[in-house]
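Below is one structure, written out as structure tokens, with a few remarks after it.
Read-outs: derived from the displayed coordinates by stated rules, not from any lab. From a predicted model like this one, the values you see are computed outputs, not experimental measurements. FYI the Cβ positions are ideal-geometry reconstructions off the backbone, even for glycines, and counts take in every protein chain you see.
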Amino acid sequence: MDYVAFAALVIFAITLFLMIKRPWGLRLGYAAGIGAVASLVLGTVSLGQAAQSFLDIWDAALAFIGIVALSVILDAMGFFKWAALRVVRLAKGSGVRLYFYVSLLTAAVSILFANDSAVLILTPIVLEIIGELKINEKGRLAYLFAAGLIADTAAMPLITSNPINILSADFFGYTFIEHLVFMGPIAVATVASSMLLVFLFFRNKIPKTYDVGLVDMLASGSSPISPKMLKVSLVTLAAIDVGYIIASLSRVPVSLVIVAGAVFLLVVYWVNLRNGHFIQAERKGLWSLAKDINWDIVLFMLSIFLVVQGLTHAGITELLASAFVSSTALPSVLAVLVPSLIVTVGASFMNNWPMTILGLFTIEHVALTAGLGGSALTGLVFSNIIGNNLGPHFFPLGSLAILIWLETMRRKGVNISLWSYLKVGAVLSIVEVVVASIVLWVELGLLGFKLF
């Protein structure tokens, strides 16, 4: 092993240690940033490669900022609390209906605003609601797991549902619509199976009923968002969805659509805040909104990309490529399931961002050296997405959304032990990966779908 390969492995190991242990309260972005600086200083990554990394990741990073900004603005307007209260009213006092409605709301928010935003915004709202509805400690876990695990599961059908989806689409050059064709049916199957599985875990703890009279107390006599602001929000979201399709057909980066929608809504919010109109939720200034955006994650995205790029000198991609090529020769659904599980293992224990990037580099290597194409290469591209979207919540470290979810609950006084989490998260993760792989196999093998 030469110097560059050894240095890359050491840098990656130290970076991973800093990400897991967070010594001195080190933030995730700074932990990865230390690794990125070390990669440049020690020569495992050149300045040219660093510049190329920025070009590879800018769309995903900008889209993440736009999605989170959009979520923060809508939250300040009271949009998400309004949606949550609608869900509580629709359940009409049934605890079981409330569970499924909360799960569907979580899935919808995750699909439209990405899993990190869904967890960050909905977890406190769900905690507040179940507290006001007097749901006991055992019963509330079902709703909290719905707010966390279902959010992490649902971030698949749109490119914008998860920044790693954007990264993959930009890397291989496929469109918003092509992603939706493959991942839409997979998302429906995995969200439905996840909702059912979490329900089975907590079916004896979910309350049969709750006091409908408490719902009015939750609303405090008025809607969290004014009718006019609600219409503006809904029209803006619909316009963004249409913009995704137009941008995809025109090969325009989707991040520009998201940022344009966020800027428009920010202007609407600022104008009405200054005039004292329409805003009925907690009033936040622009600086307060900016602080709510998780800028640390943007630094993490770029930095970890550099660190993992250094691993290409250590033979990791060749080793992983060999496993991928061997798996494509397996019979039937195993050709899709095995690479998904390989990625799941890596994503669960090193986090899905570095594993996504490693997977992208490896698949590119496979395409260039093994001559794979057609359905086999398409299968690897989407197996990488499946493993990195669904596999990470096998273990809490694997997903930023799960880490945010656990930390949000901890700040609110709700602590979930590692064992309590694994009993649900690990089982759910494996079942989801299997279900998703079966659907992908049907799309590739029986329906003949392919990208290349």
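Data for the structure
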{"quantity": "0 to 90° range, to nearest 10: angle between helix 3-21 axis and the chain longest Cα axis", "calculated": "20 degrees"}
{"quantity": "Residues 171, 113, sorted so that the one with the fewest Cβ neighbours within 10 Å comes first", "calculated": "171, 113"}
{"quantity": "Label-point separation, residue 192 to residue 296 (7 Å along Cα→Cβ), nm", "calculated": "3.9 nm"}
{"quantity": "Percent breakdown of C-alpha pair distances by 10 Å bin, ordered from the shortest bin, for region 3-446", "calculated": "4, 21, 31, 27, 13, 4, 0"}
{"quantity": "Taking 432, 364 and counting other C-beta atoms within 10 Å, the order from fewest to most", "calculated": "364, 432"}
{"quantity": "Helical contribution to [θ] at 222 nm, DSSP H n ≥ 4, -39,500 (n - 2.57), averaged over the chain, rounded to 500", "calculated": "-25000 deg cm²/dmol"}
{"quantity": "Normalised contact order of region 3-446, rounded percent, pairs of Cα under 8 Å and 6 or more residues apart", "calculated": "24 percent"}
{"quantity": "Exposure proxy ranking, count of Cβ atoms within 10 Å, fewest first, for 368, 197, 358, 122", "calculated": "368, 197, 358, 122"}
